[in-house]
1. Of all residues being touching a Gly at 6+ places or on another chain (Cβ under 9 Å) and among the aromatic types (Phe, Trp, Tyr) in segment A:303-326, which is least open to solvent (accessible area, probe 1.4 Å)? Just the residue, please.
2. List the residue pairs whose Cβ atoms are under 6 Å apart, where the first residue sits in segment A:9-26 and is touching a residue at least 60 places away in the same chain (Cβ under 8 Å) and farther than 14 Å from residue A:251 by Cβ, the second is open to solvent by 40 Å² or more (accessible area, probe 1.4 Å) and in a helix (DSSP H, G or I), and the two are 6 or more positions apart or on different chains.
3. Under 9 Å between Cβ atoms, which residue pairs at least 6 apart in sequence (or on different chains) link something in segment B:105-128 that is more than 15 Å from residue B:146 (Cβ to Cβ) and among the basic types (Lys, Arg) with a partner that is part of a loop (DSSP other than H, G, I, E, B) and open to solvent by less than 70 Å² (accessible area, probe 1.4 Å)?
4. Any residue at all in segment A:340-358 that's away from chain B (no Cβ under 14 Å), in contact (Cβ under 8 Å) with a residue 60 or more places away in the chain and open to solvent by 30 Å² or more (accessible area, probe 1.4 Å)?
5. Looking at segment A:5-48, which of its residues are of a type in the set (D, E, K, R) and within 14 Å of chain B (Cβ to nearest Cβ)?
6. Cβ-Cβ below 7 Å, separation at least six or inter-chain, first residue in segment A:319-338 and closer than 21 Å to residue A:18 by Cα, second aromatic (Phe, Trp, Tyr) and assigned to a helix (DSSP H, G or I): which pairs?
7. Right, residue A:82: open to solvent by less than 40 Å² (accessible area, probe 1.4 Å) and assigned by TED's automatic domain parsing to the domain that holds residue A:200 or not?
Amino acid sequence: MITPLKALRKNKFKTALIFFSMVVAISAIFLISAISNGIVGMYSTMLKTDGDIIVTQRGIADTFFSDINYTIKKRIEKISNVKEVNALILGAAPVDNLPIVGIYGVSENRFDSYKLISGIYPKSNEVIMGQKIYKMLNSPKKIVISKKEFNVSGVFKSKIGFEDGGVVMRLDDGSKIFHKSTSIFLVSLKDIESKNTITDINHLNSDIEAKTTDNFIDNYNQFKIIKTSSDVISALAFLMGVLGIVSMMSMVVNDRKVEFGIMRSVGLPSKTIIIKLVAETIIIAIFAYIFALALSYIVLEIIQNTQKFQGYINGEITFSLGALIFFTSVLMAIVGTLLPAIWASRVDPMSLILRGAY
Amino acid sequence: MTLRANNIEHFYGSEHILHNISLEIMPKKITAIIGESGSGKTTLLAILSSLLKPTRGTIYYDDILLSNIKNIDLFRKKNIGFVFQFHYLIDYLTLKENIALGALKESDNIEELIKTLGISNLANRYGNEVSGGERQRAAIARALVNSPSFVFADEPTGNLDTKNAIGVFELFRNFKDTSFIVATHDKKIIDYADIIIEMEDGYVKNISSQRT
């Protein structure tokens, strides 16, 4: 361990270049993964609140376009295993000077999932606002949504960025704005074994489709698009990181030919040189990972508190994501170093020394 | 251990560096390979010491064909030491760490070597903190750490003044069980060699013995 650290200290400039190229790559992977995780996580949490089963319009690709008849709610409530049914209208509209804000029309029985920090739950032509958007709009008493004026009856706090930056109103008020009676039903069950209940709900009306919330989230196209985009960008960042390391390590190997020639001349095997170089890069990768993790937390905090994002971009670095990126960073170091290291270990020692000397 | 080279040819690209060289290095002798710059001394030394593969020809250490040795690194570690003109100590290691770099586990003569070579008080210093002569002594200690049969030295006195240069050869004389093969164009120190191999334009021009 001492020798790689000494070598890194000796080659400070190149060590720093490798370090920063890895920090950029790892931070990019962290941020894109954390943001996509955050978006998926926020929306998933929102749907899972009081929702073992989600009911949407059959064959619709996005919950925002879903339109189902509110009257089905009573028929679902009569199914024996059903504990409660929440009706929601999911929409987005300009609010005052903000170009797009999440608007949630909800049935009265869902109000208590919004924890009020001031005021009361809304009556007709009233709304409650998430704390973030309430602050952004300078604590308004009234707001205009789609040319209609609503009184602000209360403010709630939510860990879900879409809600904290959104506006909640009664379902019938939402219905007037978005011209639909309901977007989705969220059904909570007495007994979590839901298979029969799903079949029962699906038999009620051919225009609706019931799924477990988990199944819906796993197959939700928007999440797949976000996840795939995130994976592609992460893969590109990984590749850029690897290429950065390969090019830097090629320069390092070039600078240190004499050193490797000497090692070979005293009988150190090729694998010692490979292990030594890989160990050096892994050490850099570990420090770069720690730095990138800290940097990502700072950037995510800044994004979360940047007004123009309205709290909708809410990065989430979970332990499993952190662990995955740690192994990715180490892998990046190994893959990026192997090629130059193998080259350095295979050349005749004398060629290394002569090429390095002149 | 005797070293035999048979019909060695070597090219760098299309440049023919060594021409059909055959020779034998006797054990426990100091052999000087002399010749002008560009005569092929360094290339021959590198090939004889296994640091460079010849384009054609064979090298035997006793009856062992060098190209047949599977673990050439271990063979080199046990039997061959190398001293370079520019010392080539690894600069982020102390003199002692440089000397121990290729030491076999069973090598227990590092302290003794350091003492014999007169660098005991410098052992924990780095290469850039000591003089050229002291660096060269450390490089020689590194070559001798596993008590090899052969030590190859390429212009070992090239960067030293006369006093230090003679000191190096006197040091070589202290290690009587080791054969030293030295490439040099320093005429002052040729007198210390037992055998002289003269090279010219990649050919061995003459081999002569100075002592019996």
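1. Of everything passing the filter in segment A:303-326, A:312 is least open to solvent (accessible area, probe 1.4 Å).
2. Listed by first residue and then by second, the contacts come to A:23/A:291; A:25/A:240.
3. B:125/B:119
4. Yes, the conditions are met somewhere in segment A:340-358.
5. A:6, A:9, A:10, A:12, A:14
6. Sorted first by the residue in segment A:319-338, then by its partner, the pairs are A:325/A:30; A:326/A:289; A:328/A:238; A:329/A:289; A:332/A:238.
7. Taking the combined requirement at face value, the residue satisfies it.
This table checks each residue for (1) closer than 28 Å to residue A:13 by Cα; (2) more than 14 Å from every other protein chain (Cβ to nearest Cβ); (3) in contact (Cβ under 8 Å) with a residue 60 or more places away in the chain.
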{"position": "A:219", "(1), (2), (3)": "no, yes, no"}
{"position": "A:231", "(1), (2), (3)": "no, yes, no"}
{"position": "A:236", "(1), (2), (3)": "yes, yes, no"}
{"position": "A:243", "(1), (2), (3)": "yes, yes, yes"}
{"position": "A:256", "(1), (2), (3)": "yes, no, yes"}
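The values are calculated or read from the model by the stated rules, or taken from the named source; none is laboratory data. Everything numeric here is computed off the predicted structure, so don't read it as measured data. Neighbour counts run over all protein chains shown; Cβ positions are idealised from the backbone, glycine included. In case anyone asks, the SASA skips ligands and DNA or RNA and just uses the protein heavy atoms, side chains included. Shrake-Rupley method; radii C 1.70, N 1.55, O 1.52, S 1.80 Å.
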